[in-house]
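Read through the structure below, which is laid out as structure tokens, and then see the notes.
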């Protein structure tokens, strides 16, 4: 019996798992639980932890992953695999949280009212900055004796 708290699971991932047929591919992004004995595992430890976790989940589910991407420095990984494999991964005490990789809504913030019409500028064109040297400085340079 594990004493680890249950992982936080995105409701959209749960919905996708519930509606997926056996063997249907589901995509999830999983965050690993950090061991209490250390501040943050290094990249190779994260790689090893993910491989051990997936090996166990493959044995329990009898399924193989379709695609795996490990984010070593973020202690997380993205997995696309059969529903049974994703469920087996979620049962691991090493998982802190999980979310669906494919979300139903767009992250684009839609405007709530139409944009105001574009305003045309009337009058002369705006002046540009004059980058030539001032005339007085040029005259002083002409009057000064040549340097030797």
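The values are calculated or read from the model by the stated rules, or taken from the named source; none is laboratory data. Here the structure is a predicted model, which means the values were calculated and not measured. Glycine gets a Cβ as well: all are built from the backbone with ideal geometry, and neighbour counts include every protein chain shown.
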May I ask you to verify whether residue 147 is at negative phi, at pLDDT below 95, assigned to a loop (DSSP other than H, G, I, E, B) and buried (at least 17 other Cβ atoms within 10 Å of the Cβ)? no
Taking only pairs six or more apart or across chains, which ones have beta-carbon atoms under 8 Å, a first residue in the stretch 59-86 that is without any contact (Cβ under 8 Å) to a residue 60 or more places away in the chain and on the phi > 0 side of the Ramachandran plot, and a second residue that is surrounded by 13 or more Cβ atoms within 10 Å (Cβ to Cβ) and assigned to a strand (DSSP E or B)? 75/31; 75/32
If a residue has to be under 14 Å from residue 53 (Cβ atoms) and surrounded by 19 or more Cβ atoms within 10 Å (Cβ to Cβ) to count, how many in the stretch 77-89 make the cut? 7
Can you go through 78, 88 and tell me which one is in a strand (DSSP E or B) and under 30 Å from residue 22 (Cβ atoms)? 78
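Residue by residue, here is whether (1) surrounded by 10 or more Cβ atoms within 10 Å (Cβ to Cβ); (2) within 30 Å of residue 20 (Cβ to Cβ); (3) in contact with a helix residue (DSSP H, G or I) (Cβ under 8 Å, 6 or more places away or on another chain); (4) at pLDDT below 85 holds:
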| residue | (1), (2), (3), (4) |
| --- | --- |
| 66 | yes, yes, no, no |
| 70 | yes, yes, yes, no |
| 112 | no, no, no, yes |
| 129 | no, no, no, yes |
Quick one: would you say residue 11 is within 23 Å of the chain's Cα centre (by Cα) and without any contact (Cβ under 8 Å) to a residue 12 or more places away in the chain? yes
